[in-house]
1. Hey, among B:340, B:334, B:358, B:329, which residue is at pLDDT below 85 and within 11 Å of another protein chain (Cβ to nearest Cβ)?
2. Given the conditions (1) surrounded by fewer than 24 Cβ atoms within 10 Å (Cβ to Cβ); (2) within 12 Å of chain B (Cβ to nearest Cβ); (3) over 15 Å from the mean Cα position of the chain (by Cα), which single one is not true for residue A:293?
3. Assess whether residue B:304 counts as being without any contact (Cβ under 8 Å) to a residue 24 or more places away in the chain, within 7 Å of chain A (Cβ to nearest Cβ) and at negative phi.
4. If we keep just the residues of the stretch B:53-81 that are assigned to a helix (DSSP H, G or I) and within 14 Å of chain A (Cβ to nearest Cβ), which is surrounded by the fewest Cβ atoms within 10 Å (Cβ to Cβ)?
5. Can you tell which of A:99, A:144 is away from every other protein chain (no Cβ under 14 Å), surrounded by fewer than 24 Cβ atoms within 10 Å (Cβ to Cβ) and farther than 24 Å from residue A:284 by Cβ?
6. In the stretch B:1-56, what count of residues is obtained for those that are within 26 Å of residue B:174 (Cα to Cα) and modelled with pLDDT under 80?
7. Would you tally the residues in the stretch B:109-142 being closer than 14 Å to residue B:76 by Cβ, at the interface with another protein chain (Cβ under 7 Å from one of its Cβ atoms) and buried (at least 24 other Cβ atoms within 10 Å of the Cβ)?
8. Within the stretch B:180-235, which helices (runs of 4 or more DSSP H) (wholly inside it) include 3 or more residues that are at negative phi and touching a residue at least 24 places away in the same chain (Cβ under 8 Å)?
């Protein structure tokens, strides 16, 4: 536990701190705006809604963070999400006895798609953008040929999970938080997790340092697929049915990438943190929630989202120039006489 | 020893053209030819006068969008806003022109101005504010399509004058040999010619340079931000022209351009243009667009359900990019095997010494 708190402290001092600063500002502004309209932003109902809407995007964003840290992208997530929803709902068909089978089928399929992405990106070395666009299109062909409209039915257990709450917090959100902590530990405590940063920073340097660059790619893409599958299950638990369009309608591919970047990660890879991405999701969710309370036209919501993405990233980009990480700054302090580029100018 | 990499006496054009066929940018023409032959097999009418030019004309908007995307990708960026620009422009044309043919010219001018404005915004946000273009153009997409949907309420609206729709639909009848020549084919030829010319101008060379190595171009004294911004402007103008043609085919709807940005990127990448910039030929990108369209037409004639089209498209881009990479990997793998075999045969104890002996 101490490692997590240390990790959290480190990230708050770094770029992630800015993300949470922005989040706090957004929440304060949101609270003021809603209060001016005679509503309470922190009402239990609203918090519950906010967390619910965070869960699905959050799961996708956790996976997307890993993939972006690697310097790749995952554009296949909305299709994997839909695939998981139709497979699980189709296998369950409303029967309790099929609960485990439905979940297993959906997650296996989702992880398999992620693994294929990982092979294409890590071993064949196709650009991640194109590889995942390709696999996404292939799945969409399968989905729209075999499924028209909603299909299947969630088993009672899954529906129960979808509606259960612990106080004001939905159980699915707790599940997302658990995934988040596990992935955070994976990134900071395991060898593959650290290699993932190295490969994302510079794949050639990582390879020359003796890192097998394919392993992080395989793992990151597989986890991304798996978490998109879990997100599909969460959607089925809420809707009660599977739908081939649920992922594409949500626009989870581009929104999740945007959330990761708003969370302070660099698209080229190697820099970013899972806690930053969490901040990114919460910023999105808070703004959505405020606009929901204000009953903003849904199309204008898109406009606001677009503006926020650009403004947020512009603010970070100013600061995101190559800075010396804290651990190297300490070394520099110890040897201040060493000439630097700046000194020679 | 000096190596001269660039000499003034290049190989003759036919030799270069044949050699280029083994590169991705050249091989796309062979693929296109093969697909056209297959298409002609399914649809013998294709060889009749007028049919081929109609086919080229119908697919012209996608090729034009690919030309626009090419400039941006060659500079090492993405333009995800092309689809939203197309939709916004189509809606703009549909609502402003109405049934008054006198409005056509002013509205076209306005559309071009709007296109340039979007390009400038994309370009400046990307270059001066240093927002990655993926995010910039995603943001402008959300903003543009949000406004488009807000203004139309999400439903098709407006019906521009027939004279305006004729730009995309109509053509010149009774041309000898070819038969019917759609205006869109003429527009495409003009644009492709202009694009080839532009890429041979200093601007085009600099654009390639910026995509390949921005620092070098900056040290040469050029302004990378302005070069990149112009690439975005060209891309938005291309989307605008595609929109003008698409009004003729598709009518006015806020979803008309949806997905075009990804089709364009796919076409450009199929044409052997490197994502990340600095490599690729513009006509190969156009050929890439026609490969995609021919594929769709073949599937159509072969009676494959239309829902499978994206799957085939996805498979072809993965294969087209993956197979050459696997091919090069195969060679590397062979070398590795050979090296392993040779070290196994002669365990070489002197090897470390030979390294230390080097000065």
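1. B:329 is the lone residue from the list that is at pLDDT below 85 and within 11 Å of another protein chain (Cβ to nearest Cβ).
2. (2)
3. No, not satisfied.
4. My answer is B:73.
5. A:99
6. Here the count works out to 6.
7. Number of matching residues: 1.
8. B:183-200, B:202-212
The values are calculated or read from the model by the stated rules, or taken from the named source; none is laboratory data. What you see is a predicted model, and the numbers here were worked out from it, not measured in a lab. Virtual Cβ from ideal backbone geometry, glycine too; neighbours counted across all protein chains shown.
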